[in-house]
Amino acid sequence: MTHFSARPDRRLIRANSRSHRFTLVEVTAPSATQQRERTPVNLAFVIDRSGSMSGGKLDLAKHAVEEALGRLDPRDRFSIVVYDDVVDVVVEGTTASAEARRNAVERLAQVDARGSTDLAGGWLRGCEQVSLHLSDAGVDRVLLLTDGLANVGITDPTALAGHAAELRARGVSTTTFGVGNDFDESLLQAMADAGGGHFYYIADAAQIRDHIASEVGETLEVVARDVELEILAGEGVEIETISPHPLTGRGSRSIIALGDLVADQQIDVVLRLTFPYGQLGRETGIIIGIGDRDGAFKAAAVGDARISWTWADDAANDQQRRDGDVDRAVARQFAARARQEAVRRNRDGDYRGARSALDGTAKRIRGYAARDPKLRAMVGALESESQQFSAPMAPRLLKEAHFASANLARSRDPMGRSVKGR
């Protein structure tokens, strides 16, 4: 059932100094039954065929693509690109007829592992194939799979994320899959975040099928495209997002991009607001609206969420009650950030910095945990992990930690799938 609400951690703000408060925005997308027909898709499968994909990984990836094609029908389009240091278009963008899918499987079977890894070249060629057939009514997405480091062509993470953001603005989203222990998860995560898609860590090549099937299945279940939150704030109120969703804004108006949502998908967004000084007893506030390209939330009669805060003295501020659900949502976001920072620092050999990131966040959460058992459990977990991160860790453990924290921050389950219902 469609749901949209927002609530603050506290309702009073300090009159004689700047105040920071948090707001939890909860969204549940409409059900598929509220749509008459599913959204068509235009997918490019971009597969790494470099030498490191030998030994069965490439065969598993090809079988996964073959199975994914079986879920498409003539409403959809697809293309297939493979890359090593050379990029080849195995199948140019085509309607997903039975004959086209059968021919694609035959061509894909002839692809062998070889060469280096021009990840950017393969990905951009896939984006080109999707861009040739953009649809006003469909989901246009590139699915990029790799098991190694980009070592040919564009390799700079910032540049690749920038390209992903530009392509997203033009209507092409990017989902990434990293296989094994040798790829750069920070790069693939950044591309997926900027590109409006998802990142999946595939520890075992045998899981390639499951993850690609999950992503294709979700793409076929999209009920609201390009979902955005629009926030109008009172004078002098500053808005930022603690959740990993892009925020743009000018003056009192801010936009947070949530991307495409599947049927019944649940997503939480945590905002951090900074309030100016104010007159005792006066109020200020924000209005949060939600919209999408398809008008799905409007059709579900979802209205705006309005929250007000009152300027009060320090004594009243110190004694006010907190919303435990909001506190826990905030803590989850900061814990996820700390874990991802710890992963980066541990990989770089900064073990003291990794431990400090976790201990500092644990201390922060402990400051307002009181007797809340869930918050105290978060503190205990962070303190325990700080011991682990204070020494060199295996690449697989670092990737698992990154993937788990990234999923938690993005309201996704441990396998990277959307969470449904509320």
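Within region 74-177, which helices (runs of 4 or more DSSP H) (wholly inside it) include 3 or more residues that are touching a helix residue (DSSP H, G or I) at 6+ places or on another chain (Cβ under 7 Å), touching a residue at least 24 places away in the same chain (Cβ under 8 Å) and over 19 Å from E215 (Cα atoms)? Steps first, answer last, please.
Details: elements: 98-108, 119-131, 157-169.
Filter on region 74-177 gives 98-108, 157-169.
Among the residues of region 241-254, write down those that are loosely packed, with under 15 Cβ neighbours inside 10 Å and either at pLDDT 95 or above or part of a strand (DSSP E or B) (or both).
Of everything in region 241-254, those that are loosely packed, with under 15 Cβ neighbours inside 10 Å and either at pLDDT 95 or above or part of a strand (DSSP E or B) (or both) turn out to be T248, R250, R253.
If we only count helices (runs of 4 or more DSSP H) wholly inside region 302-408, which ones have 1 or more residues that are more than 21 Å from F22 (Cα to Cα) and modelled with pLDDT of 95 or more? Let's see the steps before the verdict.
On the way: elements: 314-319, 324-347, 351-369, 373-389.
Result: 324-347, 351-369, 373-389.
Select from region 4-32 the residues that are under 15 Å from G303 (Cα atoms) and either more than 20 Å from the chain's Cα centre (by Cα) or without any contact (Cβ under 8 Å) to a residue 24 or more places away in the chain (or both) and list them in ascending order.
In the first step, residues of region 4-32 are kept if they are under 15 Å from G303 (Cα atoms); the result is 4-7, 25-30.
Across region 4-32, the qualifying residues are S5, A6, R7.
So which pairs qualify, if the first residue must be in region 331-348 and β-branched (V, I, T), the second must be assigned to a helix (DSSP H, G or I) and crowded, with 19+ Cβ neighbours inside 10 Å, the Cβ gap must be under 6 Å, and the two must be at least 6 apart or on different chains?
V343/L398; V343/A401; V343/H402
Scan region 268-279 and report the pairs whose first residue is over 20 Å from P244 (Cβ atoms) and whose second residue is in a loop (DSSP other than H, G, I, E, B) and charged (D, E, K, R), with Cβ atoms within less than 9 Å and a gap of 6+ or a chain change.
F275/R18; P276/R18; P276/E235; Y277/R18
For region 259-283, which positions are buried (at least 19 other Cβ atoms within 10 Å of the Cβ) and not charged (D, E, K, R)?
Residues satisfying the conditions are G259, L261, V262, A263, Q265, I267, V269, V270, L271, L273, F275, G278.
Which of the following residues is farther than 16 Å from I13 by Cβ, of a type outside the set (K, R) and loosely packed, with under 13 Cβ neighbours inside 10 Å: G289, G324, G295? I'd like the intermediate steps shown before the answer.
Details: G289 fails: loosely packed, with under 13 Cβ neighbours inside 10 Å; G324 fails: loosely packed, with under 13 Cβ neighbours inside 10 Å.
Being farther than 16 Å from I13 by Cβ, of a type outside the set (K, R) and loosely packed, with under 13 Cβ neighbours inside 10 Å holds for just one of G289, G324, G295, which is G295.
The values are calculated or read from the model by the stated rules, or taken from the named source; none is laboratory data. Just so it is clear, the structure is predicted and the values come from calculations on it, not from any experiment. Cβ atoms come from the backbone with ideal geometry, glycine included; neighbour counts cover every protein chain shown.
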